[in-house]
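This is the structure I have questions about; it appears just below.
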Amino acid sequence: FFLCGFIDISYGNSSEINIEINKSNNYIINPDYIEYEKLTPDEKEKVSLIPFKYIHNYEITPSVRFNALSPKNYYGALPNSYDLRNVGGNRYIPNIKDQKNLSLCWAFASNSTLESYLLKKNMGNYNFSENQPDYVASYLDSRHLFGSGNSIYNVVDYWFRGNSPVNESYFGPYFVEYRNKNLNEFMNDNNTAIDIREVNIFPSLNTEYYMKNHGFAYTKTIIDNYNQIIKQHIIDNGALTAGIYWYFYNPSKNLVYNNGSSPFATYSSTGHAITIIGWNDNYGDINGDGKNDGAWLAMNSWGAGNTDYFYISYYDIDVTEALVGIVNLATKSWTNSYLTAQSESRNLANQSETFIFKKGTQNETVDSVKIFYEGISNKNFKVEVSDGINSYISTPKQMNFGINTFNLNNLLLTGEEVSVTLYEGYGELYSLALFTKKTSNNLALFLYEDSKNNFKNEINDNLNYYVITKNIVSGTAYSIKVTDDTNKDITSSFTQTKNDLVNGYSTFSLKLNNKISANNFTVTVTSSTASDTKKYTITNMTGSGTLSDPYIITEAEELIFLNNSDSYYKLGKNIDMYKSTKDNNYGIYYNNGNGWEPIDFYGNLDGNGHIIYNLYSSSGGLFNNLDNATIKNIKLDSFNINVINSNYSEIGILSNVIGNNTQLSNISIEESSVYSPNCSGGISGMFYSANIKNVKINAEIS
């Protein structure tokens with residue numbers, strides 16, 4: 001398994017190596033992903049394997065220290081070659097499959113990895129559907145087209161959610177033309193065949209850097225040691241999923257080798273997910289000197305006899321960027337899944353974090369808690385699950401980059417809400433899920449409001465909601481009704497955008513067509529078997545948003561109204577953001593510990609000499625993007641921007657990015673700090689064009 005720390009491996013007569021977190025604190029934006037984002041939409045459609053957005057790259061230097069990156073108990077010297085097609089007469093990989101004319105290599109490679117693990121552990125011969133995760137991708141991302149490319153990282157997320165895998169015997173033989181499928185056929189965890197409990201996303205090795213800066217001999221030492229981790233995983237757990245670019249395939253050598261000399265745009269469309277099934281230390285001459293430098297044995301998905309097996313050089317710069325392996329799975333035993341409503345990274349920062357889920361009145365027993373973890377490995381978490389009546393605290397568990405599972409069998413939950421608290425952690429939590437076993441077939445539906453809603457009772461204002469359901473058939477019809485504080489039906493005042501109801505997690509939005517005269521309104525969601533309501537109070541913020549009559553902001557809750565606005569605003573008093581961004585019980589911007597989520601602003605904000613202070617965020621500054629905006633006469637004090645991983649590449653205290661034609665004057669930033677691996681600054685992380693006058697900054701940037 002993968003752990004960041006120190007590794008007990010040696011190379012010849014030399015000292016051990018130390019694999020350390022790089023100066024970006026374990027997170028860098030994948031250079032290939034940056035290049036991918038530069039492609040046109042038409043070019044992106046041709047990409048079969050989307051690069052990971054973030055990779056945890058490692059800086060490796062000679063050291064006499066030991067490292068726990070992999071298990072310390074190697075079972076003797078590893079063989080020079082290994083082939084899962086024949087291990088003592090046993091075959092531990094599935095037969096070659098054929099993806100035909102679809103770009104579903106990512107589904108074939110990940111399924112082959114799963115099927116190999118099951119064969120290696122003598123758990124049976126499975127054949128999972130490759131079409132089913134393609135339909136899941138289309139549901140979770142409306143931009144995904146049938147049969148198109150995807151990221152292996154997303155597949156790991158489907159496993160984490162319990163969406164996949166599904167047996168092909170259920171979903172039907174592989175097909176290459178779109179078929180109408182009932183939502184309940186592919187978004188139904190009752191059909192999930194296997195519960196995938198532990199998955200490692202292995203560290204990316206910066207081979208290109210070491211070859212260019214340290215030469216072949218030094219790089220060989222590093223790769224030989226790193227490869228022991230991968231080889232031991234193959235011996236213990238079977239195949240791994242990886243990504244390469246077929247542009248670099250040499251048919252005369254049956255070898256893929258990218259040395260980093262070609263621009264990404266020349267080969268981006270040839271990204272391809274494959275399955276690593278072994279190795280040969282005596283294969284693959286990359287220097288033309290007649291010496292074989294070592295290569296991974298890989299399995300393809302283009303049908304038998306069509307380059308079905310080939311090699312990838314140990315020195316290929318891409319092979320470790322999307323390297324995923326299964327460490328543990330089991331027969332599915334849970335029936336209910338509680339997912340955090342917003343799967344966003346959040347900084348745990350050595351403090352406890354609590355997630356509250358509505359359970360309803362029926363009794364349930366806990367099966368497990370899963371964490372999709374992005375952070376510094378070799379760190380321990382422990383989990384407490386409680387319904388206010390019964391509780392259980394786990395023993396500490398070491399986190400790996402990927403899926404981690406706490407087994408908490410048989411804790412009885414009788415209360416209507418259940419909390420899951422994480423302790424002693426440090427790093428980035430991508431998402432958390434609680435899995436339970438039902439003791440009855442009661443149905444439930446719970447409505448959550450998106451914390452980023454900025455409804456001002458203006459035409460075209462949007463409200464976004466999450467619907468969390470249990471035991472409801474995916475595809476079940478549901479209705480949305482809006483009533484004012486006199487119970488008058490005002491549903492027609494909104495345009496509804498509804499996603500199909502999926503058992504577990506769904507979304508919908510309301511767009512205002514006509515202003516509402518009442519101070520409050522209630523949103524009710526009803527299916528044939530369950531319903532829930534959520535009350536919304538319209539802000540009392542005065543003003544009309546014009547130059548002569550700006551909106552007056554007097555509460556922290558009203559700052560969200562600046563989001564995507566081009567209106568005029570003025571502060572009416574000082575705004576303390578501590579409770580709203582740090583208080584788990586009352587913080588409107590708490591966001592499960594993430595704190596304030598930066599917003600885009602295109603209007604005019606006059607601070608009127610007032611202060612916004614004590615803002616906490618793990619995503620960035622007060623604004624994400626200022627474009628054609630004016631900010632003046634304001635002081636920002638005691639801002640704490642603590643970013644380990646963020647959806648934003650640039651981080652600043654006032655704004656992550658300052659765009660075109662922005663006017664900044666009489667601004668003071670005091671006693672504030674930014675901690676981020678990304679492009680960071682006191683006022684902004686990226687600056688395009690602005691007029692700046694009388695701006696004072698007293699901040700620590702690290």
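Bear in mind that the values in this text are calculations on the coordinates, not laboratory data. Predicted model only: the values in this text are computed from it and were never measured. For neighbour counting, all protein chains shown are included, and Cβ atoms are generated from backbone atoms with ideal geometry for every residue, glycine included.
How far is it, in nm, from the label point at THR524 to the one at ASN190 when both lie 7 Å from their Cα along the line to the Cβ?
Spacing of the two 7 Å Cα→Cβ label points: 2.8 nm.
Going down the list LYS582/LYS635; LYS481/LYS515; LYS437/LYS481, which pairs span over 22 Å between their C-alpha atoms?
LYS437/LYS481
Run the dipole for region 177-248 about the Cα centre, Lys and Arg Cβ at +1, Asp and Glu Cβ at -1, nothing else charged, and hand back the magnitude in debye, nearest 20.
That gives region 177-248 a dipole magnitude of about 280 debye.
Out of THR414, GLY215, TYR373, whose Cα points farthest toward the positive end of the dipole of the chain (charges: +1 Lys, Arg; -1 Asp, Glu; placed on Cβ)?
Farthest towards the positive end: THR414.
Which whole-number percent gives the relative contact order of the chain, counting Cα pairs below 8 Å spaced six or more residues apart?
With pairs under 8 Å counted, the relative contact order is 9 percent.
Checking the a/c ratio against 1.5 first, then a/b against b/c, what shape does the Cα gyration tensor give for region 79-214?
Here region 79-214 falls in the oblate category.
Going by how many other beta carbons lie within 10 Å of each one, how would you line up VAL482, VAL199, VAL473, fewest first?
In increasing order of surrounding Cβ atoms, one gets VAL473, VAL482, VAL199.
Continuing with this model, one more query. Please say if region 524-596 is rounded, prolate or oblate, where rounded means a/c under 1.5 for a ≥ b ≥ c the square roots of the C-alpha gyration tensor eigenvalues, and otherwise the choice is prolate for a/b larger than b/c and oblate otherwise?
Taking the square roots of the gyration eigenvalues as a ≥ b ≥ c, region 524-596 is oblate.
Subtracting the Cα-Cα distance from 0.36 nm times the residue separation, let me have the gained length for ALA217 to ASN499 in nm, one decimal.
Net length gain for the segment: 96.0 nm.
I've got another one for you. How would region 557-702 be classified by its alpha-carbon gyration tensor: rounded, prolate or oblate, with rounded meaning a/c under 1.5 and the a/b versus b/c comparison settling the rest?
Verdict is rounded for region 557-702.
Work from the charge dipole of the chain (Cβ charges, +1 for Lys and Arg, -1 for Asp and Glu, about the Cα centre) and give the residue of THR335, ASN280, ALA304 farthest towards its positive end.
The residue sitting most towards the positive pole is THR335.
If you don't mind, another one. Report, ordered by chain and residue number, the lysines lying within cross-link reach of LYS291, taken as a straight Cα distance under 26 Å and ignoring same-chain residues fewer than 8 apart.
LYS291 reaches LYS212, LYS220, LYS231, LYS253.
Something else: Between SER391 and MET123, what is the spin-label point distance in nm, taking each point 7 Å from the Cα along the Cα→C-beta axis?
3.3 nm
Something else about it: Could you tally the net charge around ASN628, taking each other residue with its Cβ under 12 Å from the Cβ of ASN628, Lys/Arg +1 and Asp/Glu -1?
Around ASN628, the charge tally is -3.
Just from its helices, what would the mean residue ellipticity at 222 nm be for the chain, if runs of 4 or more DSSP H residues each count -39500 (n - 2.57) and the sum is divided by every residue, rounded to the nearest 500 deg cm²/dmol?
-4000 deg cm²/dmol
Now for a different question. Going down the list LYS358/LYS573; LYS359/LYS498; LYS44/LYS358; LYS100/LYS438, which pairs span over 30 Å between their C-alpha atoms?
Cα-Cα > 30 Å for LYS358/LYS573; LYS44/LYS358; LYS100/LYS438; rest within.
If you don't mind, there's one more thing I want to ask. Using the number of other C-beta atoms within 10 angstrom as an exposure proxy, rank ASP489, ASP308 with the fewest first.
If I rank by nearby Cβ atoms, fewest first, I get ASP489, ASP308.
So, one more: Could you line up ARG143, ARG85, ARG161 from fewest to most neighbouring Cβ atoms inside 10 Å?
ARG143, ARG85, ARG161
For CYS679, enumerate residues with amide H under 5 Å from its amide H, sequence gap 5+ or separate chain, H modeled in the peptide plane.
ILE651
What does the charge add up to near VAL324, with Lys and Arg as +1, Asp and Glu as -1, over the other residues with Cβ less than 13 Å from its Cβ?
-3
In the calculated pair distance distribution of the chain, what percentage of Cα-Cα distances lie above 49 Å?
Tail of P(r) above 49 Å: 17 percent of Cα pairs.
I'd like to verify something in the chain: which complete DSSP H helices, judged by Cα projection on the helix axis, reach 18 Å or more and average at least -0.5 on the Kyte-Doolittle scale?
Helices meeting the span and hydropathy rule in the chain are 105-120.
Subtract the Cα-Cα distance of GLU671 and GLU45 from 0.36 nm times their separation in residues, and report this length gain in nm to one decimal.
220.7 nm is the gain from fully extending GLU671 to GLU45.
Mind giving me the nanometre distance, one decimal, between the label points for SER142 and ILE552, set 7 Å out from Cα along Cα→Cβ?
So the label points at SER142 and ILE552 sit 3.9 nm apart.
To continue, here is another question. Multiply the residue gap between LYS488 and LYS573 by 0.36 nm, knock off their C-alpha separation, and tell me the result in nm, one decimal place.
Contour length minus the Cα-Cα distance gives 27.0 nm.
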